[in-house]
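To keep things clear, I will list the structure first and then write my remarks on it.
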Amino acid sequence: MVRNIVVIGGTSHPQLTQTICSFLGIPHADVLLSKFAVGETRVEIKESVRGKDVYIIQSGGGKVNDHLMELLITISACKTASARRVTAVLPLFPYSRQSDIPYNKVGAPLIKGSSNPKPGSSLGYTFESTPPTPHPGKPESGSLINGVDSLQKSLAKAQLEDREGGFSNGSPVKKRPVNGLPRSDTLDSTKSVVLGGGDDNTSTTSSSSKLNTFQPRPGYKQWVAQAGTLVADLLTCAGADHIITMDLHDPQYQGFFDIPVDNLYGRPLIKSYIQQNIPNYKEAVVVSPDAGGAKRATAIADSMGMEFALIHKERRPTRITDRQNATMMLVGDVKDRITILVDDLADTSNTITRAAKLLKKEGASKVLALVTHGILSGDAIERINASALDKVIVTNSVDQQEHLRRCPKLEVLEVGHVFAEAIRRVHHGESISVLFQYD
C-alpha cells in the first residue's frame with residue numbers, strides 16, 4: 001500500500017482508474033464530477049488533499065474537449081486545496097496530433113518584405129531588408145531594389161513557374177493551361193512582352209502587379225492555431241507539476257512543456273504479445289503502415305530479430321480535394337507469411353485497413369494490427385469488420401468496452417499495471433527508466 005497519495009479518476013475511463021488503484025492497493029478519491037444544466041463542468045473534491053501527492057487520471061478518448069476541461073478544473077481544484085504536487089496521468093494525450101502548424105512539405109508562401117522605408121531609418125534600411133552589395137556607403141545596386149523583397153519576388157516567380165511547368169507539391173503532374181492558353185500566351189505575359197519595349201518603370205510596374213496577386217499553394221492553411229502549445233500551456237497554468245503519458249504521436253510534444261513529461265512506451269506490451277501469441281514469430285514480418293511509423297516498427301523488429309517491411313504512400317494530388325487519393329506501395333516481401341502492422345494510434349482505421357488490403361494482395365497469409373491507442377471513432381468498427389484484418393490488438397488506454405461488443409476481431413491489452421508502476425516510482429522518487437526498456 002502506498003501512503004500519502006491520492007488518485008483521482010476522471011469520467012473518461014473509470015475502469016482504468018480502478019485497475020491502477022487495485023495495483024497500488026489504495027481506494028480512489030471521493031470526488032463529484034458532473035455538469036450543470038447549462039453544460040458547464042462541476043468538480044468537487046470530497047476529501048482532503050492538503051500536503052499530499054495527487055494523481056489525476058484522465059484519458060483523451062471520447063468527448064475530448066469535455067474531458068480536457070474537466071482535467072484542468074480538477075488540477076486547479078487540487079492546487080487550490082494545497083496539494084503538495086499534482087501529476088496529470090494521460091494515457092492518451094489529447095490534441096497530440098496537433099503538435100505543429102500543418103504546413104505543406106514545400107513550405108509556406110514567402111512573406112513580402114516592406115517596400116517603404118520606416119521613418120527614422122538610415123538610407124531606408126530596416127530589419128526586414130538586406131543592404132545591397134557593396135557596403136551601405138555606396139549607392140544601391142539595381143539588382144536589389146527593395147532589399148530582400150526583390151529576392152522574395154524572384155523566388156515566388158520561380159515557384160510559380162515550376163508549378164505551371166509540371167511540378168506541384170514536389171510531384172510531377174499533368175501540365176494545366178491557364179485559361180486554355182500556355183503560360184507564354186496568357187494575357188499578362190503578352191502585356192509584359194509588349195510593355196518590354198517601353199521604359200523600365202512601366203515594365204517593373206507590370207511585373208510587380210503580377211507578383212502582388214501571388215496566391216498560396218493548394219493545401220496551405222492560413223491562420224492555423226498551434227493547439228499543441230496551447231494545451232501544454234493550459235495544463236501548466238492550471239497547476240500541473242508533472243505529466244505522465246504513453247506513446248505520444250509526436251515526441252517533440254514534450255518540448256512544449258516547462259514541467260517534466262514522462263512518455264511511457266507501449267512497445268513492451270506489443271513485444272510480449274507477439275512472443276506469447278504468434279507461433280514461430282521469428283518468421284513473421286513487422287510492417288509499418290506509413291513512413292512516419294517506420295522508426296517505431298524497426299525498433300520492435302530489430303529487438304526481436306524479425307524482418308521489417310514498409311508501406312509507402314505516394315501522394316500525387318492535382319487539387320486540394322484529391323489529397324486522400326494516395327497510391328500505397330509495399331517495400332519488402334510478405335508472401336505466405338504472417339504480417340504484423342504496428343502503429344501508435346488508430347482513429348478512423350483508414351490507414352491500417354488499406355494497408356491490410358495491400359498486404360493480402362501481396363500474398364500475406366495473415367494480417368494482425370497492434371495499435372497502442374485504439375480510438376476507433378466514426379465508422380472505424382464497421383471498417384475493421386469488413387476489412388482484410390484478421391485481428392486488431394489495442395491497449396485500454398481508451399475505454400474499449402463498447403468497441404469489444406461491436407467488433408469480434410478486437411483484442412485488448414491491459415496498461416493499468418504500467419501506469420500504476422510509474423505512479424509508484426514517481427511518488428517514491430525512484431527512476432522510471434526501467435519502464436522505457438523493451439529489449
Among residues belonging to the range 283-320 that are closer than 20 Å to Glu362 by Cα, in a helix (DSSP H, G or I) and open to solvent by 20 Å² or more (accessible area, probe 1.4 Å), point out the one that is modelled with the lowest pLDDT. Ala291
Out of the residues in the range 223-282 that are closer than 23 Å to Val434 by Cβ and open to solvent by 50 Å² or more (accessible area, probe 1.4 Å), state the one that is nearest to the chain's Cα centre (by Cα). Pro251
In the range 415-436, which residues are in contact with a strand residue (DSSP E or B) (Cβ under 6 Å, 6 or more places away or on another chain) and either open to solvent by 50 Å² or more (accessible area, probe 1.4 Å) or over 21 Å from Arg85 (Cα atoms) (or both)? Val415, Leu435
Just wondering, is there one or more residues in the range 375-389 that are open to solvent by less than 10 Å² (accessible area, probe 1.4 Å) and in a strand (DSSP E or B)? no
Would you say Ile26 is open to solvent by less than 80 Å² (accessible area, probe 1.4 Å), touching a Phe, Trp or Tyr at 6+ places or on another chain (Cβ under 8 Å) and either touching a residue at least 12 places away in the same chain (Cβ under 8 Å) or not basic (Lys, Arg) (or both)? no
Restricting the search to the range 357-386, which residues are farther than 17 Å from Tyr281 by Cα and of a type in the set (A, V, I, L, M, F, W, C)? Leu358, Leu359, Val371, Ile375, Leu376, Ala380, Ile381, Ile384, Ala386
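The values are calculated or read from the model by the stated rules, or taken from the named source; none is laboratory data. These numbers come from a predicted model, not from an experiment. For neighbour counting, all protein chains shown are included, and Cβ atoms are generated from backbone atoms with ideal geometry for every residue, glycine included. Side chains included, ligands, DNA and RNA excluded: accessible areas come from the protein's heavy atoms. Shrake-Rupley method; radii C 1.70, N 1.55, O 1.52, S 1.80 Å.
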